[in-house]
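Notes follow the structure.
Since every read-out is calculated from the coordinates, none of them should be taken as a lab result. Here the structure is a predicted model, which means the values were calculated and not measured. In this analysis, Cβ positions are derived from the backbone assuming ideal geometry, glycine residues included, and neighbour counts consider all displayed protein chains.
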Amino acid sequence: MELRGRDLLAVADLRPDELTGLLDRAVALKRGWDPGTPLERRSIALIFLRPSNRTRVSFEAAIARLGGHPIALFDREIEMGKRESVGDVGRIMDRFVDGLVARIPSDRDLRGLAGAMGAPVINAMTDLGHPCQILADCLTVQEQLGRLAGARITFVGDGNNVCNSWIEAAQVAELDLRVVTPPGYGPREPVLARSRPDEGRGSVTVTNDLAEGLAGTEVIYTDVWTSMGQEEQHEDRRQDFGPYQINESVLERAPAGVRVMHCLPAHRGEEITDGVIDGPQSIVFEQAENRYWVQLALLSAIFGSAEPSS
Ligand code: CP
Ligand code: NVA
């Protein structure tokens, strides 16, 4: 696996063997493999133009574990695109730090930053994708089902960033992915077209029919109905997504033993009920923990530890 010095802007940036290599590295780290301190005397900037708990904390903890120094910057400080241009932010960052982790709404701006920098840039979520989340989710599915290729996963919710990254993962990891959304909230056609599985690698089915999407599934995955930046649409979305709530009655109708995942933060009582998220079929908190192990794997691969020996 050669991720050294590379950006990670989308799941589709990874070849299947690179994804497998990253997950193997995360497994080794969880088992106690010591990645050393490849970030010693190096700094990584983190730009967060949107709120974060898991992504920022897991990245900062992983950077510190690898001997590096995280520098977190928020919207009020950086005012990217307002105080100075995206390109200028990237050019300046490149002279100070060894890498950048960025959560910014616009995927185009993320790519602008990456284009302005020689140092690696990692997507910590845009409106178009959330690759680090889905890498951790792939690890969780692999742990829970004992395999990743062929896993039957049903995403129920909005066809935006998290869903888009699942669609890309379907091809890279050869998943059997169903996407269930209310009418009008499906994934955008360019995302589907770009990731259209071919050569027999994985499959993506999009439907508005929850029962169809849940038939035979092994994992139900949901996300908030109202994403960051969509707050003014909250009431409309509550109406439109209401029939797609993951609740006890949905679980009763789903295959026995199905696991429930959620990227978090959860809007309890909207897309998921307390009974489900806190219930025996939920693997949400194992999933959240895996954010740390995958960030550690990703950073250690990009910033240069040797391969784990097992
Ligand atoms: N799942 C996720 O990205 O969480 P945060 O928004 O808290 O980082
Ligand atoms: N779709 C959500 C994911 C949060 C991790 C959002 O963009 O707010």
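Below 8 Å, C-alpha to C-alpha, sequence gap of six or more: please give me the relative contact order for the chain in percent.
RCO, the chain: 22 percent.
Find the relative contact order for segment 133-177 and round it to a whole percent, using C-alpha pairs within less than 8 Å whose residues are 6+ positions apart.
Relative contact order of segment 133-177: 44 percent.
Work out which GluC sites (Glu not before Pro) in the chain are exposed loop sites (DSSP not H, G, I, E or B, at most 11 other Cβ within 10 Å) and give the longest gap free of them.
41-198
Can you compute the modelled spin-label distance between Ser43 and Val57, with each label point 7 Å from Cα toward Cβ, in nm?
2.5 nm
What does the extension gain come out to for Arg95 and Thr207, with contour length at 0.36 nm per residue minus their alpha carbon separation?
Working: separation 112, 0.36 × 112 = 40.32 nm, distance 4.71 nm.
Between Arg95 and Thr207, full extension yields an extra 35.6 nm.
Taking R0 as 45 Å, what's the FRET efficiency between Glu84 and Arg31 from their Cβ-Cβ distance, rounded to 0.05? Kindly include the intermediate steps, with their values, before the conclusion.
Details: r = 44 Å, r/R0 = 0.99.
Once the sixth-power term is evaluated, E becomes 0.50.
Taking all pairs of distinct Cα atoms, average 1/r, flip it, and tell me the Kirkwood hydrodynamic radius of the chain in Å to one decimal place. Kindly include the intermediate steps, with their values, before the conclusion.
Numbers: mean 1/r = 0.0508 Å⁻¹.
For the chain, the Kirkwood estimate is 19.7 Å.
Could I get the Rg over Rh figure for segment 104-187? Both from C-alpha atoms, Rh via Kirkwood, rounded to two places.
1.03
At 37 °C and 0.692 mPa s, grab the translational diffusion coefficient of segment 64-223 from Stokes-Einstein with a Kirkwood Rh over Cα pairs, rounded to a whole number in µm² per second. Working shown, then result.
Numbers: Rh = 17.3 Å.
Translational diffusion coefficient: 190 µm²/s.
How high is the FRET efficiency from Ser249 to Glu286, r the C-beta distance, R0 25 Å, rounded to 0.05?
Once the sixth-power term is evaluated, E becomes 0.55.
Please state the Cα pair-distance histogram of segment 2-59 with 10 angstrom bins from zero: what percent is in each bin?
Once binned at 10 Å, the Cα pair distances of segment 2-59 give 16, 40, 42, 3.
Under the rule a/c < 1.5 gives rounded, and otherwise a/b versus b/c splits prolate from oblate, where does segment 227-310 land using the Cα gyration tensor? Write out the running numbers ahead of the final one.
Details: a/c = 3.65, a/b = 1.66, b/c = 2.20.
Because a/c hits 1.5 or more and a/b fails to exceed b/c, segment 227-310 counts as oblate.
Which of Val204, Gly146, Gly216 sits farthest toward the positive end of the charge dipole of the chain, with +1 on the Cβ of Lys and Arg and -1 on the Cβ of Asp and Glu?
Looking along the dipole axis, the top candidate is Gly146.
Select from the chain the helices, each a whole stretch of DSSP H, whose alpha-carbon atoms run 20 Å or more along the helix axis and whose Kyte-Doolittle mean is at least -0.5; answer none if there are none. Let's see the in-between values first.
Working: long enough: 16-30 (21 Å, 0.09); 131-145 (21 Å, 0.47); 284-302 (27 Å, 0.39).
Length and hydropathy pass: 16-30, 131-145, 284-302.
Along the Cα→Cβ direction, 7 angstrom out, place labels at Arg4 and Ala64. What is the inter-label distance in nm?
2.8 nm
Could you give the alpha-carbon Rg of segment 135-245 over 2.2 N^0.38 Å, rounded to two decimals?
1.04
Take the alpha carbon gyration tensor of segment 50-103, find the square roots of its eigenvalues, order them as a ≥ b ≥ c, and report rounded if a/c is under 1.5; if not, report prolate when a/b exceeds b/c, else oblate.
Note, shape of segment 50-103 comes out oblate.
So if we plug the beta-carbon distance of Phe74 and Arg268 into 1/(1 + (r/R0)^6) with R0 = 35 Å, what FRET efficiency do we get, rounded to 0.05?
0.85
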